[in-house]
Amino acid sequence: MIPLIIYEKLTTDAALTLLGITAGKVFELQSVDERPLNSGYFVILNWQESSLFTNAVKRAPRALTVWVHTPLDRTRDYRTIDRILNRIDAIFADIEQQKGADGVRVTCITRQGRSGNLVDEGWKTIARNATYSVLYDESSV
């Protein structure tokens, strides 16, 4: 399960729309088996493990890796990918303590780092990713 507020914010942001990121260009990794688009930029959300559970706290941050891809035969310039990731950083900074249509509240999002410039040989894209630690409260539903 992902907090819907993250998808809602990424797919309705005017600055991301100007960079080509709309609802039809944001995917959860587990929902695609092959490159989802043949042109333009697209975003892949990969929700990973929760860790750092303690006996007193029954929830922990969950790792989220956000990938931005574009076809390799279209460009080898990573500047737009960086602009998209920079905008996603700004969006995530403003999501804290907000709920989406699913009622799940995001408590906090912490940026963990970014990859270097990558080439995805399987999807034939250039890509970079950013990793975040996301704490959200499903019990707020």
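At-a-glance table
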item: Odd one out for Val119, checked against (1) modelled with pLDDT under 95; (2) farther than 19 Å from Ile21 by Cα; result: (1)
item: Pair list, Cβ < 6 Å and 6+ apart or interchain, from segment 74-88 residues that are farther than 23 Å from Ala14 by Cβ to residues that are surrounded by fewer than 16 Cβ atoms within 10 Å (Cβ to Cβ) and hydroxyl-bearing (Ser, Thr, Tyr); result: none
item: For Lys124: the one exception among (1) free of Cβ contacts under 8 Å to residues at least 60 places away in the same chain; (2) surrounded by fewer than 18 Cβ atoms within 10 Å (Cβ to Cβ); result: (1)
item: Looking only at segment 21-36, and only at residues there that are free of Cβ contacts under 8 Å to residues at least 24 places away in the same chain and under 18 Å from Arg83 (Cβ atoms), the one that is least open to solvent (accessible area, probe 1.4 Å); result: Val26
item: Where a residue in segment 1-18 is in contact (Cβ under 8 Å) with a residue 12 or more places away in the chain and its partner, wherever it lies, is open to solvent by 30 Å² or more (accessible area, probe 1.4 Å) and of a type in the set (A, V, I, L, M, F, W, C), with Cβ under 7 Å and at least six apart; result: Leu4/Ala101; Glu8/Ala101; Thr11/Ala23
item: Identity of the residue in segment 122-141, modelled with pLDDT under 95 and aliphatic (A, V, I, L, M), that ends up nearest to the chain's Cα centre (by Cα); result: Val134
item: Residue that is most open to solvent (accessible area, probe 1.4 Å), among those in segment 62-98 that are among the polar types (S, T, N, Q) and part of a helix (DSSP H, G or I); result: Asn86
item: Condition check for Val106: modelled with pLDDT of 95 or more, surrounded by 13 or more Cβ atoms within 10 Å (Cβ to Cβ), not in a helix (DSSP H, G or I) and not acidic (Asp, Glu); result: no
item: Candidate set: segment 127-141, residues that are surrounded by fewer than 18 Cβ atoms within 10 Å (Cβ to Cβ) and polar (S, T, N, Q); chosen: the one nearest to Thr80 (Cα to Cα); result: Thr131
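The values are calculated or read from the model by the stated rules, or taken from the named source; none is laboratory data. What you see is a predicted model, and the numbers here were worked out from it, not measured in a lab. As a convention, Cβ positions derive from the backbone with ideal geometry for all residues, glycine included, and neighbour counts pool all protein chains shown. Protein only, heavy atoms only, side chains kept; ligands, DNA and RNA dropped before computing areas. Shrake-Rupley method; radii C 1.70, N 1.55, O 1.52, S 1.80 Å.
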